[in-house]
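Below is one structure, written out as structure tokens, with a few remarks after it.
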Amino acid sequence: MAGSRDKNLIPEDVKPPKNDSFDLIIDPWLDCVFQDGSKKTMGIRGVLADAHEINALAFDDPMQDPAVFRTLLAVLYRALDPLTVDDWKAIWSSGRLPSDRLDAYFDSHADDFWLHGASKSFMQTMSAEPNSALKPLSSLIPTPTGLGTMFPNVTGDAANKMSCPQLARWVITCNSYDRCAAHSGFKGDPEMRNGISYASMPYLGQLAVVRLKTSSLFRDLMLALVPLDSGFFTSMQNEPETVDDLYSPTSLRELSAGVPSWEKPDLTPGHDGTAKSKLTPDTVEDCLTWRSRRIKVYYDGDGEGEPAQVLLSPGQHVTLEDQQGLEPMAAWRARQEKKDSPVHWAPVRYSADKAFWRGLSPLLAATSSTIPPMTLRWASKLCDDGILPAGYVGHVTVETCRYDSSMSSLVTDFLVDKVDLPLKIVNDLKLTRVVTDAVSLAENAVKAYGLMVQRQRVASGEDMETANAERQTRQSIAYRTVGDKFMEWLPQVASMDSPLLEWWEIMSRNVKDMAEDYVRQATPNAMVGKMVGKTLYSAAAARTTFYASMNAMRKEINETTAEEQ
């Protein structure tokens, strides 16, 4: 039966690439927006050479941005390897990336960057052979329908007839964010059952990418390029033999960023780990270029035509648990299954159900339960060292892919959020407490307002469930209003004498205004009220309870402030 099935695996009119073509180093595939407003499409060499003149890269879909950015970062780590603090400072002072070192790398690895290669193709597994029918190119787009992105730039036939630049971007993105649905198996896959193999969550799907965005691609890359000897890559340290070794520079093994996936041999069946026994990255390059999927593109004609179909199968299963000393762009939260069990660190992800500013604590100073991203800790150190201004406010961007709850078989949305964060907070436990307390105050105040709304609705004659729906709606509106005020307050927090008191005045005034507006809308029935059990529900009683909660919060702030002084 297997033999008869094999006959139709690859249509006669498509083949793997016959010749090397489309050089990602030189051929244009990255759309650049320059600081003077002009636009140009370039290859990797041109983008990195002109990074100091480029404002940002433009993409078909937001999820391509972090995936491609990390690929460029991997190129830099490899070309500059081993990147030390002194190297970093020299490059930063020069204001541009070192073309000589980049050119030397590209010249020595020219064969690794062919998008279509007869023996090797970028971020693809050319030795993989399909065990079932090939898929349309739209399978590389990790969206619910597979026919286009959640954004209207690539839809319909365009998703199945990709240009080479589009294909390059989606190969990288699919490897980073592919969904976990059943995939076509490949020959030799020990996990395959009935021609189907299940892929686990890809690397970037497991975390939220945290980075600083500026108006310069050069600065964006440099602020994410944490030197290997900075002290943040803790997993690169040998076990100390003596106490003196703890303080000796020689306790660091020979520094290396490792080897990116495009320089490695093809994945070998049976060495991918399993869903129950996953692999972990060993180097920075592993983190940035992990091979989550096997991808192999087939072409029209005799392998010399346009991209036509694709093999998309599972790659290496990976877990990021306890990788806080190696993965540079994730925040971490402590996780303990039982009281006496070991504490493990898991990368933070964010939900569309809760605004980013409400989950800000993992980006702030390290505590017993959270660790900020290495990128923010490095940037904060640059402020301490005087390389960035002491009061530098970083434009922190967080990007995360969300999957459905059914085995993560569908991508439901891609979240991009941002906050202007004074980097001083990342090293300051006192300011971290101020910010986390401010978030808690806002949440408690909004909940008090929502409870007032629910009680007023019950007083007007609604049942508890219907009133609760209105409560949730009004709380969502309040969170948006308060969130806007929080974003205005946060950049100034490090320069305020009493930041928590100032936040209370701003936030409570807005929440109280919303509460008074809602009370004025009370119906006659709500004004009279009604008994539910032994409790009187009325607009006046709901308002009194709301203000009692707000006064209790204010009293607590006064006590906390008095203790600190």
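The values are calculated or read from the model by the stated rules, or taken from the named source; none is laboratory data. These numbers come from a predicted model, not from an experiment. We place every Cβ from the backbone using ideal geometry, glycine too, and count neighbours over all the protein chains shown. Please note that ligands, DNA and RNA were not included when accessible areas were found on the heavy atoms of the full protein model with its side chains. Shrake-Rupley method; radii C 1.70, N 1.55, O 1.52, S 1.80 Å.
The sum of -39500 (n - 2.57) across all DSSP H runs of n ≥ 4, divided by the residue count of the chain, sets its helix-only mean residue ellipticity at 222 nm to -11000 deg cm²/dmol.
In the range 284-407, Rg over Rh equals 1.10, where Rg is the alpha-carbon radius of gyration and Rh the Kirkwood radius from pairwise Cα distances.
Taking 1.567 mPa s as the viscosity and 4 °C as the temperature, the Stokes-Einstein diffusion coefficient of the range 393-498 based on its alpha-carbon Kirkwood radius rounds to 78 µm²/s.
Between 0 and 90 degrees, the angle of helix 539-564 with respect to the longest Cα principal axis of the chain falls at about 70 degrees.
Separation of the range 419-461 from the range 46-68 is 36 Å, based on Cα centroids.
Normalised by the number of residues in the range 375-432, the average gap of Cα pairs under 8 Å and 6 or more apart makes the relative contact order 37 percent.
Computed from Cα atoms, the angle from the helix 99-108 axis to the main principal axis of the chain rounds to 50 degrees. Of the listed residues Phe122, Phe232, the order by accessible area with a 1.4 Å probe, largest first, is Phe232, Phe122. Determine which aspartates and glutamates satisfy two conditions relative to Lys485: a Cα distance under 12 Å, and not lying fewer than 8 residues away in the same chain. Within reach: Glu502, Glu505. Label separation (Asp282 vs Lys555): 6.1 nm, computed from points 7 Å beyond Cα along the C-beta direction.
In this structure, Lys40 and Lys485 have a Cβ-Cβ separation that, at R0 = 35 Å, corresponds to a calculated FRET efficiency of about 0.30. Projecting the Cα positions of Ala365, Met42, Leu167 onto the charge dipole of the chain (unit charges on Cβ atoms of Lys, Arg, Asp and Glu, taken about the Cα centre) puts Ala365 furthest along the positive direction. Rounded to two decimals, the Cα radius of gyration of the range 31-141 over 2.2 N^0.38 Å is 1.28. Once both labels are positioned 7 Å from their Cα atoms along Cα-to-Cβ, the gap between Met496 and Thr214 label points is 2.7 nm.
Rounded to the nearest 0.05, the FRET efficiency derived from the C-beta distance between Gln336 and Glu129 at R0 = 41 Å is 0.40. Between Glu321 and Asp13, full extension at 0.36 nm per residue minus the direct alpha carbon distance yields a gain of 106.4 nm. Based on the convex hull around the alpha carbon atoms, the range 260-348 presents an average projected area of 8.1 nm². Could you pull out the pairs from Lys276/Lys338; Lys18/Lys276; Lys39/Lys89; Lys187/Lys276; Lys15/Lys276 whose alpha carbons sit more than 27 Å apart here? With Cα atoms farther than 27 Å apart: Lys18/Lys276; Lys39/Lys89; Lys15/Lys276. Mean sequence separation of contacting Cα pairs (under 8 Å, at least six apart), scaled by the length of the range 429-498, corresponds to a relative contact order of 35 percent. Our summary gives the chain a relative contact order of 14 percent, counting only alpha carbon pairs under 8 angstrom and 6 or more residues apart.
If a spin label sat at a point 7 angstrom from the Cα of Tyr547 along the line to its beta carbon, the backbone N atoms of the range 517-536 nearer than 19 Å would be those of 517-523, 526-529, 536. Taking every protein chain into account, the accessible area of the chain amounts to 44 square angstrom per residue (probe 1.4 Å). Charged side chains reduced to their Cβ positions (Lys and Arg at +1, Asp and Glu at -1) give the range 34-112 a dipole of some 180 debye around its Cα centre.
Quick note on the range 465-565: its Rg to Rh ratio, both from C-alpha atoms and Rh being the Kirkwood radius, is 1.06.
Considering only Phe22, Ala104, Leu72, and ranking their Cα positions along the charge dipole of the range 11-137 that arises from unit charges at the beta-carbon of Lys, Arg, Asp and Glu, the one farthest toward the positive end is Leu72.
How high is the FRET efficiency between Ser409 and Thr84 when r is their beta carbon distance and R₀ equals 41 Å, given to the nearest 0.05?
On the way: r = 44 Å, r/R0 = 1.07.
After rounding, the FRET efficiency stands at 0.40.
Calculate the all-directions average of the projected area of the chain's alpha-carbon convex hull, and give it in nm².
Approximately 32.4 nm², given one-decimal rounding.
Each Lys and Arg contributes +1 and each Asp and Glu -1, all at the Cβ; summed about the Cα centre of the chain, the dipole is approximately 2180 debye. Projecting the Cα atoms of Gly270, Met452, Leu431 onto the dipole axis of the chain, where Lys and Arg carry +1 and Asp and Glu carry -1 at the beta carbon, places Met452 farthest toward the positive end.
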